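Taking it in order: structure first as structure tokens, then the write-up.
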Amino acid sequence: MRIGVVFPQNSLGDDPGEVRAYAQAVEELGYRHIRIADHVLGADRDAHPGWTRPYDVDTDFHEPFVLFGYLAAITSIELVTSVIILPQRQTALVAKQAAEIDILTGGKFRLGIGVGWNAVEFEALGLPFDDRGKRYDEQIELLRRYWTERSITHRGEFETVTGAGIAPRPVQRPIPLWFGAQSAPAYRRTGRLADGWFPMVQPGPELAAAQRVIDRAAVEAGRDPATIGIEGGLSWTGSPDAIAEGVRAWREAGATHLAINTSGAGVSGVDAHIKALTEVAEAIR
């Protein structure tokens, strides 16, 4: 099981020096990857009464592709999006940006993608919200074609491409696509199409039930369920024993990857995050 970290989007700050110190410490401590969440915009609670989502217009979110270009120059660690909201972006542009990150990292990149939930964000980006699931399915096919074919022609329900392609293409052909999933339709899509997935639950009955749906969909699609990776998540609460137990639970659940999140438990600032990750690394060892 490969163990990495969740980039602390909301609690690290905007100092490039702190971003560099964090990433380099992660690599020096032996973690295998950095995983980052994505939101382009946050909603202003004054303009959206009753807003109950966990982030808003004042919540910091670094842009993943730009940040990864920077991290690729100062580390050799694997970089992972978890997740890029694919239906609010142009497919060709995502394919191009992802290919560039894959080249800069020497093939150490996984593109995590999701359908998204923030209608405010979709509106501001000029893309429809209600049909995002259908557009997402078509985008997945297109991404893989952009990464593996010199020139593609596509006539779909939502996208048209006539004899066009990206260059240079990525090191990995195709780049692994990992899905964010937390519903029955998303689990079935994962089984049919994903290289891996990010569970939104901890090991236990819910995870096992989700895995059964994914495995069944994979078999029906003629795929081997064992080839679909699983990346769990584990939050640092200040207890090394809890971390060690969590790692064991994810390993027993069949996870291929795990990401440690240090944004909870009042951790803020680069020194505090590095201290927490040091304690986690010692607990795991």
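The values are calculated or read from the model by the stated rules, or taken from the named source; none is laboratory data. Note that this is a predicted model, so its numbers are computed, not measured. Methodologically, a virtual Cβ is constructed for each residue, glycine included, from the backbone with ideal geometry; neighbour enumeration extends over all protein chains shown. With ligands, DNA and RNA removed, areas are computed over all heavy atoms of the protein, side chains included. Shrake-Rupley method; radii C 1.70, N 1.55, O 1.52, S 1.80 Å.
Here are a few things to note about the model shown:
- Given (1) under 30 Å from residue 253 (Cα atoms); (2) in a helix (DSSP H, G or I), number of the condition residue 38 does not satisfy: (2)
- Single unsatisfied condition, residue 263 versus (1) under 17 Å from the mean Cα position of the chain (by Cα); (2) over 28 Å from residue 10 (Cα atoms); (3) part of a loop (DSSP other than H, G, I, E, B): (2)
- Residues that are aromatic (Phe, Trp, Tyr) and touching a residue at least 12 places away in the same chain (Cβ under 8 Å) were ranked within region 32-79; the one that is surrounded by the most Cβ atoms within 10 Å (Cβ to Cβ) is 68.
- Subset of region 4-31 that is open to solvent by 20 Å² or more (accessible area, probe 1.4 Å) and of a type in the set (A, V, I, L, M, F, W, C) - its residue that is nearest to residue 108 (Cα to Cα): 6
- Exactly one residue among 119, 181, 98 is more than 18 Å from the chain's Cα centre (by Cα) and among the aliphatic types (A, V, I, L, M), and that residue is 119.
- The residue pairs whose first member lies in region 134-151 and is touching a residue at least 60 places away in the same chain (Cβ under 8 Å), whose second member is crowded, with 16+ Cβ neighbours inside 10 Å and assigned to a helix (DSSP H, G or I), and whose beta carbons are closer than 9 Å, counting only pairs six or more residues apart or on different chains, do not exist in this structure.
- Here is the figure for region 96-118: residues that are open to solvent by less than 70 Å² (accessible area, probe 1.4 Å), on the phi < 0 side of the Ramachandran plot and either modelled with pLDDT under 95 or outside any helix (DSSP H, G or I) (or both) total 9.
- Residue in region 120-136 that is out of contact with any helix residue (DSSP H, G or I) (no Cβ under 6 Å at 6 or more places or on another chain), open to solvent by less than 30 Å² (accessible area, probe 1.4 Å) and at pLDDT below 95 present: yes
- Taken over region 28-68, residues that are of a type in the set (D, E, K, R), under 30 Å from residue 283 (Cβ atoms) and touching a Gly at 6+ places or on another chain (Cβ under 7 Å) amount to 2.
- Number of the exception - residue 222 against (1) touching a residue at least 24 places away in the same chain (Cβ under 8 Å); (2) more than 23 Å from residue 263 (Cα to Cα): (1)
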